[in-house]
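The values are calculated or read from the model by the stated rules, or taken from the named source; none is laboratory data. On a predicted model such as this, the values are computed, not experimentally measured, just so you know. When we count neighbours, we look across all protein chains shown, and the Cβ atoms used for this are built from the backbone with ideal geometry, even at glycine.
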Amino acid sequence: MFMYKKNIAGGLLLATLVAGCATPENTSSANTPARGPNLGATPTAAQLAAMDTSIPPSGAGLPAGSGTVAQGAKVYVAKCESCHGPKGVGKPADALVGGIGSLTSGKPMRTVGSYWPYATTFFDYVRRAMPTNAPFTLTDDEVYAVTAYVLNLNGIVPESAVMNAQTLPQVKMPNRDGFIDYSKK
């Protein structure tokens, strides 16, 4: 009996939701234009440009700004360490450091140093997705600095490194040849 009532209640809820969505598409009056189901508006060219933040391996489109390893250490402690652990060792989120040369082993470790083929795409990912609880909140200088810091922790750049739109594309990642670059074909 309970299952029967539950199915009826679910069916009534679904019918109510569908009926609520089934509004006429053309409810215009003389003063209002005809509209669809009000799902949104076409973005403007400026809105699309603001969302187009992808940075390819070449580094095209990298923003102005810069960051050092020392600056990155401070940003990392403040905004990254709670998820990625001290010095990028991991927990509760993935480790960022270590594992270089482990991808062909029985226990591959996918970190920035072992897996990412391009420093520019790591920058791009951090810029768009980190920190996970507040993406797009790091400034470009903070992203350059954190990128420099994590690359240094992996032994890829020296402690004196400064990352910016000119230096970042020059970084040779250990796994650069581990991926097929279809843009060159």
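Any idea which residue in region 111-125 is farthest from Ala78 (Cα to Cα), counting only those that are under 18 Å from the mean Cα position of the chain (by Cα) and not in a helix (DSSP H, G or I)? Break it down stepwise before answering.
Initially, region 111-125 is screened for residues under 18 Å from the mean Cα position of the chain (by Cα), giving 111-113, 115-125.
Add one more test, that the residue is not in a helix (DSSP H, G or I), and what stays is 111-113, 115-118.
Values: Thr111: 21, Val112: 20, Gly113: 22, Tyr115: 25, Trp116: 24, Pro117: 27, Tyr118: 25 Å.
Out of the qualifying residues, it is Pro117.
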Of the residues in region 133-185, those that are more than 17 Å from Pro57 (Cβ to Cβ), of a type in the set (S, T, N, Q) and surrounded by fewer than 11 Cβ atoms within 10 Å (Cβ to Cβ) come to Asn133, Thr137, Ser160
Inside region 89-117, the number of residues satisfying the requirement of being touching a helix residue (DSSP H, G or I) at 6+ places or on another chain (Cβ under 7 Å) and closer than 24 Å to Thr167 by Cα is 5
Any residue at all in region 127-140 that is over 20 Å from Gly88 (Cβ atoms), among the charged types (D, E, K, R) and modelled with pLDDT of 95 or more?
yes
By residue number, the members of region 126-162 that are of a type in the set (A, V, I, L, M, F, W, C), under 19 Å from the mean Cα position of the chain (by Cα) and not in a helix (DSSP H, G or I) are Met130, Ala134, Phe136, Leu138
